[in-house]
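This report concerns only the one structure given below.
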Amino acid sequence: MNQLGFPILSLMIVLPVVAAVVCLYISANAARWTALLTTLVNFGLGCLLWATFEIGGPQWQFTERVQVLGWFHWALGIDGMALMLIMLSVFLMPICIGASWRSITDRVGLYMACFLVMLALMIGVFAAQDLILFYIFFEAGLIPMYLIIGIWGGANRIYASYKFFLYTLLGSLLMLVAMIWMIGTTNTADIPTLMQTDFPVQAQTWLWLAFFASFAVKMPMWPVHTWLPDAHVQAPTAGSVILAGVLLKMGGYGFLRFSLPMFPDASAQLMWLVFGLSMIAVVYTSLVALVQSDMKKLIAYSSVAHMAIVTAGLFAFNQQGIEGALIVMLSHGLVSGALFLCVGIIYDRLHTREIARYGGLSNNMPAFALLFLLFTMASIGLPGTSGFVGELLSLIGVYRMSSWVALICGTGIILGAGYMLWLYWRIAFGEAAGDDTRAMPDLDKREWALLAPIAAVVLWMGVYPEPFLAPMRKDVTALVARLAPAAPEGDAQLAAGSPRVPAANSPAHGGESPQ
Amino acid sequence: MITAIVFLPLLAAIVAGLGGRWMGNVPAKVITTGALFASCAMSWPIFIGFLNGDLTSHVVPVLEWVRSGDLAFDWSLRVDALTAVMLVVITTVSALVHLYSWGYMAEDPSQPRFFAYLSLFTFAMLMLVTADNLVQMFFGWEGVGLASYLLIGFWYQKPSANAAAIKAFVVNRVGDLGFMLGIFGTFVVFGTVSIPEILAAVPGAEGSTIGFLGMRLDTLTILCLLLFIGAMGKSAQLGLHTWLPDAMEGPTPVSALIHAATMVTAGVFMVCRLSPMFEAAPVALGFVIFIGAATCFFAATIGTVQTDIKRVIAYSTCSQLGYMFFAAGVGAYGAAMFHLFTHAFFKALLFLGAGSVIHAMHHEQDMRYYGGLRKHIPFTYWTMIAGTLAITGVGIIGVFGFAGFYSKDMILEAAYASGPYGQMAFFVGAFAALLTSFYSWRLIFLTFHGQPRWAASEHIQHAVHGDHHDHPDHEDAGHAHSDSHAHTGAPVTGTAGYHPHESPLAMLIPLAVLTVGAVFAGFVFKTAFVDAEGGAAFWAGSIAFDAGLMHAAHEVPLWVKLTPAAVMLLGLFIAWRNYIRDPGAPARVVARIPDLHQFLLRKWYFDELYDLIFIRPSMWFGRLFWKGGDEGTIDRFGPNGSAWAVSGASILAGRLQSGFVYSYAFVMLLGLAGLVTWAMATFS
């Protein structure tokens, strides 16, 4: 069955669902503890998964396959990319429960149940090996998120949840049609099989566009990004963390699992559509982030810009681009999650997201200011943090394909520094906006426990990313090989010239001593 | 040993930064300063080892970093002659600045934070100079940028300090984008980011072309230009220099360490480190000469009219960096590094001296309110005289000279000897040397000579009347009122009853040590750095040392050799005439050429121009895209657009509000289940 001898993936999906049902019928405090323990157990199972994942072994590991009906199977299995995204999900979930510990007092059982179901669905999305199973997990993820925004959200939560729902569902209907067509043609819903299937080139284009409609919304790419700022602003803190941390990664995962390996020719044809939208997104949303006065909106717009680096990297068709995009996805999941937690921490104290109401927090909240600085720096890709490794790799990959795209996407590092540092100034530096701001207490133990693990992983991934890259390496190599026949030439195209004969009077030239 | 040199400051920064509140000021200061002196003590033997030829270049691996396809780079520490020079410069100046800060920052409430930042900076700078690959160099590059950001904005209550800090970071990021593209291009061309491997592969790439932004360009030219854009940002060269004067918002020890002696020279270091690559790209070298010479001239012109003591020295730094770059551009990398080395001592000395003056004058920074300080702070006076003699390059050929005499004259002679472009740079550089001498002596005369003009200073009035600032170091006010008074006439003379005091010993010891450097650094090390034979032996291939050019530089015509001395004396004379003999003269000159004076005082209008073409349009487009794009177009025609959507929204909203949310979720699930069933029924 697998290297552990028990169906670990099913267990990781079923356990939270069972706990969710339990949560509905117990007291608020019991629900909190149940949710926390369940998510911690799931995190432990995730670690077990990571530890026993055989690097360089078979592509699909921990596979399970039970026939449900016809060609519809309960088929689960992960490769390295799915493994890392599952790790991200199970790592962030206990933190989300912790972040909601005190701020949620209304219908706690339902709230915790929503998060637990969401956890199950996220793992399902990344582990599904059946097309329809994937679709169910992918779309059902909308429901708990929809409830979280709609019930525990801010004042304008109805509009936000409606917008969120409308965008994502419309996109996914097209995807469903494409999936049905694919199953009808090939008579299988098995994702690994479909990844090896060569669809006719014309069909690829239509299928690619149908999937794109869904993934572009989830990502989100410009111009279908406008649901994200509203959803973030209205969502409770933990909702924002999961939204930015994991749900946005489903779009990128979709490109990796479906668009690129199943439709390589269409991906190559439509590469410039993705590059074009990515370039627009980086510049456009960065500039929009610059003028925001609402903290959450600012970070939401910055997410769109970061996700554009991901899409550009994915469509660079080479190892660095795709590995970089994956690291940006992981890094952004951690960093933007942490930034939303930071916002939540000060929101809990002052109950406003207006940047102008803060200031001078370095005085009364030095620990907060330090961690917020770390995450700000990770967000703008300072070397030594996870953001840098991802951005460097993906932009190198992009550069190999097109120097223009690398240049335009690279302007994100300038604009990103602008809006994030300005935000940091207005929140942590300067003078406090009022006495209530000045009186805000520093982090308590619970808040430390939420932020410190993320900070540690952000630095770990920045200094020594090998444990994160190693499981994914073989899968990315396979993907690049799959794409290779369709991959266009990069624009760098080195043309050899005639080397000049070294001048006789300058013996030192080029005479670098060996290592 | 190199590992200890590099990581001790990091360790100290972490301990002092995280534990500072808990352990208190003195332990934090002892730990950081101690770590730096230890690093310094371990660095000098390495430098001396290379001077004697006992050591050869080697690389100490630390940790694997990134493996991605054919791209691989590690954390490792490279030690060669070039690194050794930077090691002693960084650790020495940093250790002295740490010590100096004991006195200068004595009243500051957050000293552990300050010392932690200083040590963190030192660590990042050491990582930069020991880098064996471009990515680790970039790590150090951005790391010093972070430390610079934190230290410029150290007094974070002040809006001006915050603005300056962000400006420094963002302007540097513009350069860094160039650097990053340079790294990408280098990887695409050579398939590696390891510096030795790149330099070894350079001869094979000569004459090749590469596509870039739709153009076909000479490979090495475009790569060198992209990397040089990074150097321009970090080293504040023309176009990307605007952050450096504003960086003076930071505490003065920071200005001495980061914005004079070490960080801003990183660009010069980078060009020297990659010198074999630049040597193979003549067009790029031409650009380096042009930018270096232009910066050298333009910054010196601005330096002549500034009234803030730190800003004069800041523009002076900018100008001296220009010298280093055109030295590199003409192929005299040894001379560039030599000037970097001597400049670190005398410029750190001038900054720390200025800090001592500011300390004595109760945080007044405007030289128009100084005057006559010679008798009150004689130690500071004499050390600053030594610094001024060093920067203006005083010396007698063949006998002895102050540090700048050897390095700056070497640059000018090498430039003259190198060819037509170099000769252009020589004339520009000689004119800038005239300006250098003028503004340096102007600073000395305005500060230490003449009558005291302290009475009009608000800072001095505060001091005399005993109402203390709410903040121990309040350096912005001087700038604020200097604008309002701008040249309405000579300020009131008089002491207002104020008595300046010489600074404490912690500040005077670094001044004394740096004075030794400013006096002797040129004379002692000239053989190793720029002598045709000695240099080739010392550098041992760590830079593209051109012994032929160094020979030629020694054989330039006598008038070329005498020019620097002549312009130095001329500058001294002009300064003496205008500020000692006839103190009314500057006002008359200003009255005769008000436009030019305004142009210089406004720093060639760079800030205004950038505000107009970058800052305002960014904000304007940001608002346009937000209000007009997202809300006015996408949302309007998207989710809010069609009538059914609006009605759908209201129905949905009604349901949610009336508690139908469960039924909604149920409907969604039902729908999904229906679709799946249909799918299976159709195709199974």
Over all pairs of different Cα atoms in the range B:265-341, the reciprocal of the mean inverse distance gives a Kirkwood radius in Å of 12.5 Å
³J(HN,Hα) across the range A:348-358 via Karplus (A = 6.51, B = -1.76, C = 1.60, θ = phi - 60°), whole Hz, x for Gly/Pro? 4, 8, 10, 6, 8, 9, 5, 4, 5, 7, 9
So what is the relative contact order of the range A:1-101, in percent, for Cα pairs below 8 Å that sit 6 or more residues apart? 31 percent
Given a 1.4 Å probe and no ligands, DNA or RNA in the count, how much accessible surface is buried by B and A, both sides, to the nearest 100 Å²? 9300 Å²
Regression test value, accessible area per residue of chain B, probe 1.4 Å, units Å², expected 33 Å²
Quote the relative contact order of the range B:196-319 in percent (integer), defining contacts as alpha-carbon pairs under 8 Å separated by 6+ residues. 28 percent
What stretch of chain A, leaving out the sites themselves, is the longest with no GluC sites (Glu not before Pro) in a DSSP loop having at most 14 other Cβ atoms within 10 Å? A:55-430
Show the residues, 5+ positions off or on another chain, whose built amide H is closer than 5 Å to the amide H of B:Asp308. B:Met367
Counting only the heavy atoms of the protein chains, how much of A:Cys47 is accessible to a 1.4 Å probe, in Å² to the nearest 10? 50 Å²
List for the range A:308-332: residues with 30 Å² or greater reduction in accessible area, all protein chains versus chain alone, probe 1.4 Å? A:Gln320
What number in nm² do you get for the range B:1-140 if you take the convex hull of its Cα atoms and divide its surface by four? 8.9 nm²
Pairs to check: B:Lys29/B:Lys234; B:Lys234/B:Lys526; A:Lys297/B:Lys234; A:Lys249/B:Lys627; A:Lys296/B:Lys627; A:Lys445/B:Lys158. Give those whose C-alpha atoms are more than 25 Å from each other in this structure. B:Lys29/B:Lys234; B:Lys234/B:Lys526; A:Lys297/B:Lys234; A:Lys249/B:Lys627; A:Lys445/B:Lys158
In the protein assembly as shown, what percent of the accessible surface is made up of carbon and sulfur (1.4 Å probe, ligands and nucleic acids excluded)? 68 percent
Shielding by partners for B:62-74, please: the mean number of other protein chain Cβ atoms within 10 Å of each residue's Cβ. 6
Could you please state, rounded to a whole Å, how far the C-alpha centre of the range A:274-330 is from the C-alpha centre of the range B:565-605? 52 Å
Quick one: Kirkwood hydrodynamic radius for chain B, alpha-carbon pairs, angstrom, one decimal? 26.9 Å
In Å³ and rounded to a whole number, note down the convex hull volume per residue for the Cα atoms of chain A. 163 Å³
Percent antiparallel among DSSP beta bridges confined to the protein assembly as shown, rounded to 5, stands at 95 percent
What fraction, in whole percent, of alpha-carbon pairs in the range B:247-405 exceed 23 Å separation? 40 percent
Considering the dipole of chain A built from charges on the beta carbon (Lys and Arg +1, Asp and Glu -1) around the Cα centre, which of A:Phe375, A:Ala406, A:Val463 is farthest to its positive end? A:Phe375
Quick one: 3J(HN,Hα) in Hz for the range B:524-529, Karplus 6.51/-1.76/1.60 with θ = phi - 60°, rounded, Gly and Pro as x. 6, 9, 4, 4, 5, 7
May I ask you to list the aspartates and glutamates whose Cα is less than 18 Å away from that of A:Lys474, ignoring any residue fewer than eight positions away on the same chain? A:Glu54, A:Asp79, A:Glu323, A:Glu466, B:Asp70
In sequence order, what are the phi-derived ³J(HN,Hα) couplings for the range B:335-350 according to the Karplus relation 6.51 cos²θ - 1.76 cosθ + 1.60 with θ = phi - 60°, rounded to whole Hz, with x for glycine and proline? 5, 4, 5, 5, 5, 4, 5, 5, 4, 4, 6, 6, 6, 4, 4, 4
Averaged over residues of B:178-185, the number of beta carbons from other chains lying within 10 Å of each residue's Cβ is 5
Enclosed volume per residue, in Å³, of the convex hull spanned by Cα atoms of the range B:311-381: 81 Å³
Cα atoms only: what Rg and Dmax, in Å, come out for the range A:340-482? 18.4, 61
Starting from the amide H of A:Asp130, placed 1.01 Å from N in the peptide plane, find each other amide H under 5 Å away whose residue is 5 or more places distant or on another chain. A:Ala75, A:Ile191
If exposed means no more than 12 neighbouring beta carbons inside 10 Å and the site is in a DSSP loop, what's the longest run of chain B without any exposed GluC sites (Glu not before Pro)? B:108-554
Based on Cα coordinates alone, diagonalise the gyration tensor for the range B:64-140, multiply each eigenvalue by 5, take square roots, and list the semi-axes in whole Å, largest first. 31, 16, 6
Along principal axes, largest first, the alpha-carbon spread of the protein assembly as shown in whole Å comes out as 102, 73, 52
Inverse of <1/r> over all distinct C-alpha pairs of the range B:80-219, i.e. the Kirkwood Rh in Å, gives 17.5 Å
Mind checking which aspartates and glutamates have their C-alpha under 20 Å from B:Lys408, skipping anything on the same chain fewer than 8 residues away? B:Asp531, B:Glu533, B:Asp546, B:Glu555
For the protein assembly as shown, the dipole about the Cα centre with charges only on Cβ (Lys and Arg +1, Asp and Glu -1), to the nearest 20 debye, works out at 1400 debye
For chain B, what does the relative contact order come out to in percent, with C-alpha contacts under 8 Å and a separation of six or more? 13 percent
Computed Rg/Rh for the range B:345-451 (Cα atoms; Rh = Kirkwood radius) stands at 1.07
If you take each beta carbon of peptide B:148-159 and count the beta carbons of other chains within 10 angstrom, what is the mean? 3
Quickly estimate the mean residue ellipticity at 222 nm for chain A, helices only: each DSSP H run with n ≥ 4 gives -39500 (n - 2.57), and the total goes over all residues, rounded to 500. -23000 deg cm²/dmol
Summarise the long-distance tail of P(r) for the range A:212-362 by giving the % of C-alpha pairs beyond 22 Å. 38 percent
Taking the Cα centre of each part, how many Å lie between the range B:103-119 and the range A:1-29? 52 Å
Using only DSSP helix segments of four residues or longer, with each worth -39500 (n - 2.57), what per-residue ellipticity at 222 nm results for chain B after dividing by its residue count and rounding to 500? -22500 deg cm²/dmol
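The values are calculated or read from the model by the stated rules, or taken from the named source; none is laboratory data. As the structure is a computational prediction, the values presented were derived from the model and not from experiment. Neighbour counts are summed over all protein chains in view; Cβ atoms, including those assigned to glycine, are modelled from backbone coordinates with ideal geometry. These area figures cover heavy atoms from the full protein model, side chains too; ligands, DNA and RNA do not enter into them. Shrake-Rupley method; radii C 1.70, N 1.55, O 1.52, S 1.80 Å.
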